[in-house]
Structures are given as C-alpha cells and as structure tokens.
Amino acid sequence: MENRAVIFDLDGVLTETSRAHFLAWQALAKSLGFELPDSVEDAVRGISRLASLEIVLEAGGMTDRFSQPEKVALAEKKNAMYVEQIKGYTADDLFEGADELLRMLKVKGYKVALASASKNAPFLLDAMGIADRFDAVVDPATLKNGKPDPEIFLKAAELVKSFPENCIGVEDAYAGIESIRAAGMKAIGIGKPEVLSNCETVYPDLKTALDDYFSTL
Ligand code: B16
Ligand code: MG
C-alpha cells in the first residue's frame, strides 16, 4: 500500500467533454420546451447521468412531470446526443499536456487511475489512445454513491493498492473536489477558482498544472 498514485477525473480534466455533456443537456431541455441557462453547467459538472437529469428538470420546472421509466428514456436520449458529439474523438481531443503528464507520472513511478462518473469513459480512453496508460479504471456501474461521495476515489486507490494519503486526485467539478477531500486525498482543481471554491490548489488548465505542480513532484 505504499504506491503513490494520481487519480484523474476524465470529463473536463483530460479532455473538454464537460462542454459536450452540457450541450446535450441543453438540446434535451430544448426538446422538452425550455432553455437551459448556462449557469446550470457547473451544477451538473461531474454529476451522474440520472442525478444530472433531476437538476435539468428542476431548472425547467418539470421536477414531478415524468415517471421513472420516462426519466430513464430521457437520460438515454441525452446520452445519444452526447455520444454523437464524441464519436469522432481522437488523440487530438486530449487537452494540451495530458499525454506528457501521463507519461511523466509513469516515469516518476506513480500509479495512474481513472475516477470518472461517465459510462462513456472507456470508449473515450480508447478513442484518444490513452487506455493503456491507466493502471486502473473504476467502473461507475459498481458504485453505490456518486460524487460528492468519496466512494469512487477510494475505489480507485484500492484498485492501485494505495493509501488515500498517498493519492492526488485531479478534478474540474466542485462535487469531484468534495469527493477527493472526503476520501482524504490531496486535491488538484482544474478550472476557475470561483467555481472550485472548495479547493486550495487550482490551475486554469491541465498544462499549467503540469508545468507548475506535477513536474515538481
Ligand atoms: P455519462 P467525469 C461525468 O464525468 C461528467 O462530468 C458528467 O457531466 C456526466 O453526467 C457524468 O460523467 C456521467 O456521464 O452520462 O457519460 O455516463 O467528470 O466524472 O469524468
Ligand atoms: Mg469532470
């Protein structure tokens, strides 16, 4: 259990799919007859598909409008629109610095794991050519609780045989930072400090995090 590990979120950390997720939610809202304001984007960041749907329906004043099977169908419709956006993804869609960072961590002896809430994560890792850089990928279907619960980060640490105190978690979502902190790990935020107000160490993008933090490890 002495392994040191870096545990990555995917959407919004290694590639800009957070935006693609939100565009699909906006398209779903439109099909239901309302505009989903940009202000909801940070609220659904990192949140599981069905939990995100509840937030979207609430924004449209439709909280009690649909049965559970109808909600599942709506979530599938959103996913189909999301998958349409990511189906052509390649290594070119990785954020600047992602490839270099994953290589550098291996050289420095870190285990590398993925803690993404997305069921599309394995597809994206393959499409972007980085699947083999990960020592472990948590399957979100095996989890009881989504972010901000620590379960996904604790599971990742367990898979790479690391104690939480030897792990660094990297996230773009407020809920994800909560998850990392509750797991007892060092949190690195990627994004805006005002959005990630629960994180002490925030970088505007992955490349800056690589240059200013990870290269000094
Ligand atoms: P899916 P992450 C999260 O991925 C996304 O941030 C969030 O917007 C999405 O709803 C969730 O995955 C579930 O994704 O619908 O593809 O299963 O940020 O944890 O990598
Ligand atoms: Mg994310």
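Please treat every number below as a calculation from the coordinates, not as lab data. Because the structure is predicted, anything quoted here is derived from the model rather than measured. Positions of Cβ are backbone-derived with ideal geometry, glycine not excepted, and every protein chain shown enters the neighbour counts.
Based on DSSP H runs of at least 4 residues, each adding -39500 (n - 2.57), what is the mean residue ellipticity at 222 nm of the chain after dividing by all its residues, to the nearest 500 deg cm²/dmol? Please list the in-between numbers first.
On the way: 9 runs with 92 residues, N = 217.
Calculated from helices alone, the mean residue ellipticity at 222 nm is -12500 deg cm²/dmol.
Would you mind working out the magnitude of the charge dipole of the chain relative to its Cα centre, with +1 at each Lys and Arg C-beta and -1 at each Asp and Glu C-beta, to the nearest 20 Debye? Display every interim value, and only then the final one.
Values: 24 positive and 35 negative charges, 101 e Å.
Around 480 debye, computed over the chain.
Between LYS119 and ASN198, what length comes free when the chain is fully extended (0.36 nm per residue of separation minus the Cα-Cα distance, one decimal in nm)?
Numbers: separation 79, 0.36 × 79 = 28.44 nm, distance 2.60 nm.
Stretched out fully, the LYS119 to ASN198 stretch lengthens by 25.8 nm.
Between VAL107 and ASP139, what is the FRET efficiency for a Förster distance of 41 Å, r being their Cβ-Cβ separation, to the nearest 0.05?
Working: r = 28 Å, r/R0 = 0.67.
According to the calculation, E is roughly 0.90.
Pull up the cross-link candidates among the lysines for LYS192, meaning alpha carbon to alpha carbon under 20 Å and not fewer than 8 places away within one chain.
Straight-line reach from LYS192, under 20 Å: LYS147, LYS207.
Only Lys, Arg, Asp and Glu count, each charged at its Cβ (+1, +1, -1, -1), so figure out the dipole size of segment 18-86 about its Cα centre, rounded to 20 debye. Walk me through the numbers before you get to the answer.
Values: 8 positive and 10 negative charges, 36 e Å.
Roughly 180 debye, rounded to the nearest 20.
What's the center-to-center distance, using Cα atoms, between segment 94-153 and segment 14-75 in Å?
The distance from the Cα centre of segment 94-153 to that of segment 14-75 comes to 24 Å.
Amide H of GLY191 versus every other amide H placed in the peptide plane: which residues, excluding those fewer than 5 positions away on the same chain, fall under 5 Å?
Sorted by chain and number, the residues that satisfy this are TYR203, ASP205.
Show me 121-129, 153-161 ranked by packing, highest mean number of other Cβ atoms within 10 Å first. Walk me through the intermediate numbers first.
Working: 121-129: 17.8, 153-161: 21.8.
Top of the packing list down: 153-161, 121-129.
Largest first, please: the extent of the C-alpha atoms of the chain along each principal axis, to the nearest Å.
Principal axes ranked by extent give 51, 34, 32 Å for the Cα atoms.
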